[in-house]
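**Student:** The structure is given below, and queries will be raised subsequently.
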Amino acid sequence: MDPLDLLVIGAGPGGYVAAIRAAQLGLKVAVVEKEAALGGTCLRVGCIPSKALLESSEKFAEAKHALAAHGVKVAGVELDLAAMLARKDSVVKGLTSGIDALLKKGKIARHHGTGRFVAAGQEGVRVAVTDAAGATTERLAKRVLIATGSKVAKIPGLEVDGERVVTSTEALSFSSVPKRLIVIGAGAIGLEMGSVWARLGSQVTVLELMERILPGMDGEIAADAKKILERQGLAFRLGVKVKRAARDPQNGAEAIVELAGTDGAAGEVLRAERVLVAIGRAPCTDGLGLEGVGVKLDPRGRVLIDDRFATNVAGIFAIGDVVRGPMLAHKAEEEGVACAEFLAGGHGHVDYDTIPAVVYTNPEVAGVGKTEEELTAAKVPFKKGVFQFRGNGRARAANTIEGRVKVLAHAESDRLLGVHIFGPHASELIAEAAVAINFHASAEDLARCCHAHPTLSEAIKEAAMAVDRRAIHA
Ligand code: NAI
């Protein structure tokens, strides 16, 4: 059989996007995916189902608490959790089967099984694909792309059993609303899933190792978010070290979380029906046979690559969560496109300085470029413009006035360095800032662009104007 031009291992947002782009560029492509559904963590048990639940739970919370302010009286609001979960599942099904259709359209062969490197040499790279029944076939490809993603990070003491102590996967499908939920980790997953269950009625406590929430995001914006999330009922314990979390051996209906005490003293013990471990993710390289073909990993267990996504072994490439950089679906997609373009003889490009980050709480948190803390640490002189959503007409009309936009620009050149938002639809608003930073715009450029009135986007224009103390509605 003729060798493939490209075999992609893993059909998540990195892998399937790389496969489609490579096929568009005329390469003969196949993908290997071990799960029945395509789309990876993002579509199956990550971004998409969590957003489906965030939308649904927000509607429930709105009906209960927010519609009255609009003069809409709703009586007898009830939760139908089974229907909410079924809707989430059908959203996932629709999108994952959509990926099947996209692969078919691109004439991309799909192998359902687990891929493992057999050999890499002059004739190409050999990969064994083992299906669920244990049958193995071999494929030869000129190039193989590792896009196997990440899995939940494990640390000693946190005994995940999938029922009482769970990962985000199980937290997407609790069959009843836990009375008490303890979340370990105040990152994206912790705050998003914590928000879902708090809105549906759980008493949620978030335990975080650092003295702040959302460590990667701008500090002022994260502090804003914390205040509002507390008002929504989430309790935070910061600077807390968890020693152990496990199902209670005496009472299987609960889990216990033991905090580390100071100076050798015993720590506090907390109890909850469910404990969600959301302390980060680790690259998925197990079982790939990387040692056999000599692919090097970095000290954090990620596949080591160069600027063109090539590993140290000729013909083997890697992208997405399994390599350095933020573990984000959109970062993996960018890398998938860029890598395919390199492989087809063109030139790919990813600007790692302008990858937006979003946390889908309500209001949402979003940022692109440098945070204020990063600029201060790097001693970059900057100016800061802030605009509060309460000064924005559209936000007032919608009764969503919490939050702010913060624009950071170079003190001398005025070049945009970072934009950070806590506010309504921040996930959508941040795109404008990402485009502006990509095009090397100044705060002045942004301030001089006409924004439709009344829109939330005017808050970005006003924050850009505020860089030079000339915001109008502040
Ligand atoms: P994360 O890295 O975003 O946050 C983990 C949090 O746990 C951090 O605040 C960290 O300080 C804390 N932590 C670490 N060890 C701890 C310990 N022993 N006790 C208490 N706290 C501890 O990781 P998360 O939320 O698990 O998400 C995993 C990955 O998935 C991240 O890379 C994240 O960016 C991505 N993701 C992105 C989403 C989005 O873009 N909206 C949504 C969900 C996940």
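**Student:** Give me the lysines in straight-line cross-link reach of residue 406: C-alpha distance below 20 Å, same-chain residues under 8 apart excluded.
**Tutor:** 226, 227, 370, 379, 383, 384, 461
**Student:** Sequence neighbours fewer than 8 away in the same chain don't count; with that in mind, list the aspartates and glutamates whose C-alpha is under 18 Å from residue 241.
**Tutor:** By straight Cα distance, residue 241 reaches 159, 208, 211, 258, 263, 268.
**Student:** What number, in percent, do you get for the relative contact order of the chain if the mean sequence gap of Cα pairs under 8 Å and at least 6 apart is divided by its residue count?
**Tutor:** Working: 1056 pairs, mean separation 68.4, N = 474.
With pairs under 8 Å counted, the relative contact order is 14 percent.
**Student:** Are there any trypsin sites (Lys or Arg not before Pro) in segment 76-107 that are in a DSSP loop and have at most 16 other Cβ atoms within 10 Å? List them by number. Each step should come with its number before you reach the end.
**Tutor:** Numbers: sites: 87, 88, 93, 104, 105, 107; in loops: 107.
When the trypsin sites (Lys or Arg not before Pro) of segment 76-107 are filtered for loop state and at most 16 Cβ neighbours within 10 Å, 107 remain.
**Student:** While we're looking at this one, here's another question. Report the full-extension gain for the segment residue 67 to residue 349: residue separation times 0.36 nm, less the Cα-Cα distance, to one decimal in nm. All intermediate terms of the calculation are to be shown ahead of the outcome.
**Tutor:** Details: separation 282, 0.36 × 282 = 101.52 nm, distance 4.57 nm.
My answer for the length gained is 97.0 nm.
**Student:** Among 453, 29, 261, whose Cα sits farthest toward the positive end of the charge dipole of the chain (+1 at Cβ of Lys/Arg, -1 at Cβ of Asp/Glu, about the Cα centre)?
**Tutor:** 453
**Student:** A further question follows. Starting from the Cα coordinates of the chain, work out the convex hull volume and express it per residue in Å³. The partial results should precede the final answer.
**Tutor:** Values: hull volume 84.2 nm³, N = 474.
Residue-normalised Cα hull volume stands at 178 Å³.
**Student:** While we're here: Could you tally the net charge around residue 230, taking each other residue with its Cβ under 15 Å from the Cβ of residue 230, Lys/Arg +1 and Asp/Glu -1?
**Tutor:** Details: positive: 199, 212, 226, 227, 231, 237; negative: 208, 224, 402.
The answer is +3.
**Student:** Where does segment 165-279 land on Rg/Rh, using Cα atoms and the Kirkwood Rh?
**Tutor:** Numbers: Rg = 13.8 Å, Rh = 14.3 Å.
Rg/Rh: 0.96.
**Student:** Measure off, as a whole percent, the carbon and sulfur share of the 1.4 Å-probe accessible area of the chain, all protein chains present.
**Tutor:** Numbers: 11680 of 21810 Å².
Carbon with sulfur: 54 percent of the solvent-accessible area.
**Student:** What whole-number distance in Å separates the alpha-carbon centres of segment 127-165 and segment 436-461?
**Tutor:** After rounding, the separation between the Cα centres reads 44 Å.
**Student:** Mind checking which of 188, 376, 343 is farthest towards the positive end of the chain's charge dipole, using Cβ charges of +1 (Lys, Arg) and -1 (Asp, Glu) about the Cα centre?
**Tutor:** After comparing all options, I get 188.
**Student:** Between residue 169 and residue 131, what is the spin-label point distance in nm, taking each point 7 Å from the Cα along the Cα→C-beta axis?
**Tutor:** 2.2
**Student:** Once you have a ≥ b ≥ c as the square roots of the Cα gyration tensor eigenvalues for segment 263-383, tell me rounded if a/c is under 1.5, and otherwise prolate or oblate according to whether a/b is larger than b/c. Intermediate values should be presented prior to the final figure.
**Tutor:** On the way: a/c = 2.04, a/b = 1.30, b/c = 1.57.
Oblate shape, in that a/c is at least 1.5 and b/c is the bigger or equal ratio.
**Student:** How much accessible area per residue does segment 117-227 have, in Å², with a 1.4 Å probe?
**Tutor:** Details: 4480 Å² over 111 residues.
Heavy-atom accessible area per residue stands at 40 Å².
**Student:** DSSP loop GluC sites (Glu not before Pro) in segment 49-131 with at most 12 other Cβ atoms within 10 Å of their Cβ, which ones? Display every interim value, and only then the final one.
**Tutor:** Working: sites: 55, 58, 62, 78, 123; in loops: 78, 123.
Those satisfying the criteria are 78, 123.
**Student:** Would you mind telling me the antiparallel percentage of the DSSP bridges in the chain, rounded to 5? Kindly include the intermediate steps, with their values, before the conclusion.
**Tutor:** On the way: 50 of 82 bridges.
The answer is about 60 percent antiparallel.
**Student:** Restricting to bridges with both residues inside segment 165-279, how much of the DSSP beta-bridge set is antiparallel, in percent to the nearest 5? Before the final figure, lay out the partial values.
**Tutor:** Details: 9 of 24 bridges.
Rounded to the nearest five, the antiparallel share is 40 percent.
**Student:** Give me the extension gain from residue 209 to residue 258: residue separation times 0.36 nm, minus the current Cα-Cα distance, reported in nm with one decimal.
**Tutor:** Numbers: separation 49, 0.36 × 49 = 17.64 nm, distance 1.35 nm.
Taking residue 209 through residue 258 to full extension adds about 16.3 nm, to one decimal.
**Student:** What whole-number value in Å² describes the accessible area per residue of segment 316-356 for a 1.4 Å probe?
**Tutor:** Ligands and nucleic acids excluded, the result is 37 Å² per residue.
The values are calculated or read from the model by the stated rules, or taken from the named source; none is laboratory data. This structure is a prediction, so every number in the text was calculated from the model and none was measured. Virtual Cβ from ideal backbone geometry, glycine too; neighbours counted across all protein chains shown. Keep in mind that these areas ignore ligands, DNA and RNA; they rest on the heavy atoms of the full protein, side chains included. Shrake-Rupley method; radii C 1.70, N 1.55, O 1.52, S 1.80 Å.
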